[in-house]
Amino acid sequence: MKFLRTTLVLIGVSILFAACGSSGPTAKDDLKKLKSYDSYAYLPNKDTILSRDYDNDLVQETIIETVNANMKEEGYTLDRRQPDVLVYIHPMFDEKVEVNANPVYTNYAYYRPGFYIGPYYENNMYENYFTVQRINGPRVEQIPFRERSIVIDFIDRRTNEILWRGTSDETIGTRRIQREIREYVDEIFKNFP
């Protein structure tokens, strides 16, 4: 009788744990998904580099060119109509804000006349970028502000969830800024899944 009760308790506990299942997709699932994708486009960022110490267009253009080179090397192709992944860049040069994990509201002033998107995005941005208002990503940590750094988010276009966030612990130097930016972005891609 004691054996039967113990067996029933164990079966009950097993059923209880099996019913609980997993709490949803894991970070590992997101990385697996990211590896299975092969196309990308950009969500344009709000031009935030206001300091006269930096040439906004030069900085943004260098970032885009370097990310494009790395994405090509990773086997991705640019698809502005229906990309698998949206790339959202946070250049932190003079804006003292932290890059949050969940939710992130895109900084687009879509409905304001005269909204400026830099020329460096013209041939690279997702055609329906204005439909992406909120980006989620509960497993992505908040990144504190560090001047002269870049954070790159890789977002699932279908779910608007951040699949992976890349940054570096380094700070971008100012002497040869283009070279420094290229090296910084290349460093981020060393950890790309």
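If you go through region 63-76 one residue at a time, do you hit one that is hydrophobic (A, V, I, L, M, F, W, C), modelled with pLDDT of 80 or more and in a strand (DSSP E or B)? Checked region 63-76: no residue is hydrophobic (A, V, I, L, M, F, W, C), modelled with pLDDT of 80 or more and in a strand (DSSP E or B). Which is more than 16 Å from F154 (Cα to Cα) and modelled with pLDDT under 70, of S51, S23? Just one listed residue meets the conditions, S23.
Residues of region 167-179 that are crowded, with 18+ Cβ neighbours inside 10 Å and within 28 Å of S39 (Cβ to Cβ): T167, S168. Within region 171-192, the set of residues being over 26 Å from D30 (Cα atoms) and part of a loop (DSSP other than H, G, I, E, B) comprises T171, I172, G173, T174, R175, R176. Can you confirm whether Q60 is at pLDDT 70 or above and part of a loop (DSSP other than H, G, I, E, B)? The answer is no for Q60. Within region 32-71, being touching a Phe, Trp or Tyr at 6+ places or on another chain (Cβ under 9 Å) and surrounded by fewer than 13 Cβ atoms within 10 Å (Cβ to Cβ) holds for L50, S51, D53.
Considering R146, R157, R112, the condition of being among the basic types (K, R) and modelled with pLDDT of 90 or more is satisfied by R157 alone.
Given the options R157, R134, name the one that is in contact with a Phe, Trp or Tyr (Cβ under 9 Å, 6 or more places away or on another chain) and closer than 23 Å to N68 by Cβ.
Numbers: R134 fails: closer than 23 Å to N68 by Cβ.
Answer to the check: R157.
The number of residues in region 137-158 that are part of a loop (DSSP other than H, G, I, E, B) and touching a helix residue (DSSP H, G or I) at 6+ places or on another chain (Cβ under 9 Å) comes to 4.
The values are calculated or read from the model by the stated rules, or taken from the named source; none is laboratory data. This structure is a prediction, so every number in the text was calculated from the model and none was measured. Glycine gets a Cβ as well: all are built from the backbone with ideal geometry, and neighbour counts include every protein chain shown.
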